[in-house]
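Reading through the structure tokens given below for one structure.
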Amino acid sequence: MNAVKTYFIDVLKNHYVDFKGRATRQQYWMFVLFYFILSIVIGIIGAICGDTVNGILSTLLTLGLFLPSLGIGVRRLHDTDRSGWWYLLILLPFIGGLVLLVFFCLPGTEGENRFNK
């Protein structure tokens, strides 16, 4: 439960639309994991309650976590010493997502880089 506070709720409370600074690999992937788990839970609830409820809950989740997801992705790119503009690669079908996946899996730069606070 402490990991949820540290890696998910902290992002929502303190870094909701924060595009400055850095996010470690662990911070990024733990956020993604909890987002995935929350999506599954909402999918199960939606499947029990019907398609309309599923659509509403999924839309609310997506809209509510869009900016924090974008922010932590940009901060993760900063940790690898890349500009947040690299995130626009997501607009390229298939290839862009693969390139970003590789970037998100790479270790961050040791010590300071140009994106430190």
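A short reminder: the numbers here are calculations on the coordinates, not readings from a lab. None of the values given here were measured: they were computed from a predicted structure.
Placing one equal scatterer on every Cα of the range 30-82 and applying the Debye formula, the log10 ratio I(q)/I(0) at q = 0.15, 0.17, 0.26, 0.32 Å⁻¹ is -0.49, -0.58, -0.95, -1.15.
Overall, the anisotropy analysis places the chain in the prolate class: the square-rooted eigenvalues a ≥ b ≥ c of its C-alpha gyration tensor yield a/c not less than 1.5, with a/b exceeding b/c.
Phi angles of the range 99-110 translate, via the Karplus equation with coefficients 6.51, -1.76, 1.60 and θ = phi - 60°, into HN-Hα couplings of 4, 5, 4, 5, 4, 5, 8, 5, x, x, 6, 6 Hz per residue; Gly and Pro are given as x.
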